[in-house]
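What follows is a short report on a single structure.
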Amino acid sequence: MTLNAIFYVFAAVLYLAAAFGIYKTLQEPEPSEKFWIRPLICAGLMIQAYLIYEALFLYGTPHFGMALALTITLFTCTFLLLLESFFSKIGAMLVFVLPLSAVSMLLPLLLPGSPLAPETASGPFRLHLLLAILAYSVMTMALIQGLLLMAVHKRVRAKDFVTHEGAKHVNILDNMPSMMEMEKILFRLIWVGFIVLTAAILFGAVYSQELFGQAFRFDHKTVTTCMAWVIFGILLLGHHLRGWRGKFAALWTVIGFCVLMVSYIGVRFVMGVVPGA
């Protein structure tokens, strides 16, 4: 095993240890934050940041691929959630994001990516790529928040409550914020993600115009990205005008996220297995 591979595995172990610590904390009737959890996450983030930098500039040529895109996306999610954990209970989402980050640390070892074409060095493309990854990161957080909201909603509807008195362990959903607070967090994330996604689409159009002479090309990625943009736009409009909320809003979030992911992961798969795609 190479030194780099050891670093990848070590960062994954740090993330899993932190996730386990948060999980055990959320099982306590009265959660008390463990002092060692944030340092573990910070150490994992620093190692991951170095590895991402090295992967992007391997042999002096930027490399990129699906595995690295997922790694950067989850790195950004972890970093943003760590910052937000100082101000709200959104940090509880880390118990779900950290295991995904740990898995993503191992993907570049299997799929190192390929060199980027020279034309991708343009400013609009780099801004498009940066904004797209940020949009995917925020929408990933929105997805997890939406799934948690659906789980809490189901628990409340089923009246599946736990009496904490005398209990050593409780369901982690009992230590989530109120449904109203979770909805506020969900729509805050969707708004931020929608704005960043809009900017990513616009810079992508500028790059496409420069390279192909056509701002919006009728291809897999453009169509699916615009579909996701429309879905999130309708959700925000419905929330503002019709008061869409709760399980319905969470379901729309899941659908929008799935379409957004197809715009990259699905397109990469199609291009890899379908000749001439």
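The values are calculated or read from the model by the stated rules, or taken from the named source; none is laboratory data. What you are looking at is a predicted structure, and each value in this text was computed from that prediction instead of being measured. Positions of Cβ are generated from backbone atoms using ideal geometry, with glycine treated the same way; all protein chains shown enter the neighbour counts. Keep in mind that these areas ignore ligands, DNA and RNA; they rest on the heavy atoms of the full protein, side chains included. Shrake-Rupley method; radii C 1.70, N 1.55, O 1.52, S 1.80 Å.
Numbers for the structure displayed
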{"quantity": "Flag if residue 61 is among the polar types (S, T, N, Q), farther than 25 Å from residue 262 by Cα and modelled with pLDDT of 80 or more", "calculated": "no"}
{"quantity": "Subset of the stretch 17-59 that is of a type outside the set (Phe, Trp, Tyr) and open to solvent by 90 Å² or more (accessible area, probe 1.4 Å) - its residue that is nearest to residue 89 (Cα to Cα)", "calculated": "33"}
{"quantity": "Long-range neighbours under 9 Å by Cβ, at least six apart or interchain, first residue over 16 Å from residue 36 (Cβ atoms) within the stretch 5-21, second outside any helix (DSSP H, G or I)", "calculated": "9/1"}
{"quantity": "Failed condition for residue 108, given (1) in contact with a helix residue (DSSP H, G or I) (Cβ under 6 Å, 6 or more places away or on another chain); (2) at pLDDT 85 or above; (3) not polar (S, T, N, Q)", "calculated": "(2)"}
{"quantity": "Any hit, the stretch 245-252, residues being part of a helix (DSSP H, G or I) and at pLDDT below 85", "calculated": "yes"}
